[in-house]
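Have a look at the structure below, then the notes.
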Amino acid sequence: MRVSDIAAATCSIARALGAIGDPWTLLILRELFLGQRRFEEFQAQTGMAPYLLSRRLAKLAARDIVARVPYRQRPVRYEYRLTEKGRDLHAVVVALAGWGDRWASGPEGPPLTLIHKACGQETHPVLACSACGKPVEAHDLRARIGPAMQAERRLNRERFRARTRRAARPASPDTTESAPK
């Protein structure tokens with residue numbers, strides 16, 4: 001599978017990665033959740049080149065993850081605000097930060113902490129069951145693959161086998177080789 005094909009896959013993870021899966025886009029999302037809205041702020045905090053930042057913001061706007069909102073008329077200047085679809089990525093960004101805090105922090109520890117506004121206490125992300133409310137971990141879950149994904153996985157397996165069979169075939173001898181001189 002080519003990287004450009006990922007967004008068209010049946011798998012929700014693949015589609016999400018197609019929309020937000022590169023490091024620059026995730027850094028822009030981090031900045032949006034930290035309250036930044038303007039191009040210059042994104043550029044200052046991420047170190048992105050202007051062209052690259054423009055492309056990523058345009059992609060996020062085209063996917064309705066951010067909205068471009070004018071904040072000045074002459075010259076026209078825009079800020080970027082998370083849409084409902086964008087705000088729904090909060091759990092993803094917080095979970096990624098939590099993993100980074102645990103497994104990729106430097107010796108100085110986590111670079112930021114989350115404070116629950118309602119109680120004022122430091123908090124960390126917890127995945128919970130939407131039906132019973134109990135916390136869940138990987139070993140508490142099982143996946144049920146739907147029909148479309150089953151079909152896609154079967155096709156992927158068949159294509160893989162066909163490619164490996166072609167690659168395993170012995171090369172035919174070259175009959176055009178000239179006789180030694």
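The values are calculated or read from the model by the stated rules, or taken from the named source; none is laboratory data. This structure is a prediction, so every number in the text was calculated from the model and none was measured. Heads up, the Cβs are rebuilt from the backbone with ideal geometry, glycines too, and the neighbour counts pull from every protein chain shown.
Points to keep in mind about this one:
- Against the conditions (1) farther than 17 Å from Val93 by Cβ; (2) buried (at least 16 other Cβ atoms within 10 Å of the Cβ); (3) modelled with pLDDT under 95; (4) not β-branched (Val, Ile, Thr), Arg15 satisfies every one except (2).
- Residue in the stretch 105-114 that is surrounded by fewer than 10 Cβ atoms within 10 Å (Cβ to Cβ) and in a strand (DSSP E or B) present: yes
- Of all residues in the stretch 79-91, those satisfying the criterion of being without any contact (Cβ under 8 Å) to a residue 40 or more places away in the chain and surrounded by 10 or more Cβ atoms within 10 Å (Cβ to Cβ) are Thr83, Lys85, Arg87, Asp88, Ala91.
- Residue satisfying all of: in the stretch 21-31; touching a residue at least 24 places away in the same chain (Cβ under 8 Å) and of a type outside the set (D, E, K, R); surrounded by the most Cβ atoms within 10 Å (Cβ to Cβ) among these: Ile28
- Candidates Ala162, Ala167, Ala171, Ala179 - the one that is modelled with pLDDT of 90 or more and not assigned by TED's automatic domain parsing to the domain that holds Arg15: Ala162
Each row is one residue, and each column tells you yes or no for (1) in the same structural domain as Ala7 (by TED's automatic domain parsing); (2) more than 15 Å from the chain's Cα centre (by Cα); (3) not basic (Lys, Arg).
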position: Trp24; (1), (2), (3): yes, no, yes
position: Phe42; (1), (2), (3): yes, yes, yes
position: Ala49; (1), (2), (3): yes, yes, yes
position: Tyr71; (1), (2), (3): yes, yes, yes
position: Arg81; (1), (2), (3): yes, yes, no
position: Gly98; (1), (2), (3): no, yes, yes
position: Gly109; (1), (2), (3): no, yes, yes
position: Gly120; (1), (2), (3): no, yes, yes
position: Cys129; (1), (2), (3): no, yes, yes
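- Pairs, first within 15 Å of Ile65 (Cβ to Cβ) in the stretch 1-20, second modelled with pLDDT of 85 or more and not acidic (Asp, Glu), C-beta under 6 Å, six or more apart: Ala7/Arg15; Ala7/Gly18; Ala19/Arg63
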